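Written below as structure tokens is the structure these notes are about.
The values are calculated or read from the model by the stated rules, or taken from the named source; none is laboratory data. In this text, all values refer to a predicted model and were calculated from it rather than measured experimentally. Neighbour counts run over all protein chains shown; Cβ positions are idealised from the backbone, glycine included. Side chains are part of the model used for accessible areas, which takes the heavy atoms of the whole protein and leaves out ligands, DNA and RNA. Shrake-Rupley method; radii C 1.70, N 1.55, O 1.52, S 1.80 Å.
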Amino acid sequence: ITVKNDEKYIGQTITVTAVDSRYNLTATTTLLVAEEAQGIAFDTTAAQVNVNNKIGFKVVDSNGNTVSLGTNATVDDVQFIILDKPEDAKVSAVLSGGSSDLKSKGTATMALTSNKVGDVKVQVLVKATVPASNTSNTTGLVTKYYTGTETFTFGAEADKSVVMTIGSKEMV
């Protein structure tokens with residue numbers, strides 16, 4: 001679906017209905033017309049020590065709406081840079097599950113670990129090749145960079161055990 005490159009459509013919704021007459025199937029969805037992608041936002045800032053924390057992140061426009069890069073885009077690289085961490089901490093941040101959802105949904109997952117309690121500042125950098133806009137009848141591809149920085153707070157790992165006693169209304 002292509003929408004005119006006109007600011008008056010930003011924030012509007014489009015209802016799309018797909019029909020498969022061969023199998024009598026229909027599906028309807030509503031799409032939000034968003035601005036061009038501007039940066040990266042993270043789903044949470046909390047993490048646990050010594051756990052492989054799966055933290056979602058998304059490409060967003062200036063209003064915070066999730067923006068897919070498009071099926072014709074190529075995600076060239078996704079990098080995670082550790083900008084700050086607790087002293088002597090071993091911190092790792094890597095892409096989890098690949099980058100295909102960045103093209104179709106504008107989302108991806110980072111696997112983030114730390115062996116120490118404290119704050120870890122991470123910057124993500126997504127490099128993508130996307131089709132050039134047709135505003136001046138140009139064709140071809142352009143390289144774009146999307147970035148976002150967040151501080152994640154690592155807390156102690158929670159105790160995962162529960163003690164229950166038969167016949168008692170209490171648990172620990």
Test: residue in segment 11-29 that is modelled with pLDDT under 70, assigned to a strand (DSSP E or B) and either on the phi < 0 side of the Ramachandran plot or not acidic (Asp, Glu) (or both): no
Some residue of segment 113-125 being touching a Phe, Trp or Tyr at 6+ places or on another chain (Cβ under 8 Å) and more than 14 Å from PHE152 (Cβ to Cβ): yes
Segment 90-108, subset assigned to a loop (DSSP other than H, G, I, E, B) and basic (Lys, Arg), residue nearest to THR74 (Cα to Cα): LYS105
Filter pass, VAL130 being open to solvent by less than 60 Å² (accessible area, probe 1.4 Å), assigned to a strand (DSSP E or B), hydrophobic (A, V, I, L, M, F, W, C) and at pLDDT below 85: yes
Counted residues, segment 32-66 - those being modelled with pLDDT of 85 or more, closer than 16 Å to SER104 by Cβ and open to solvent by less than 20 Å² (accessible area, probe 1.4 Å): 4
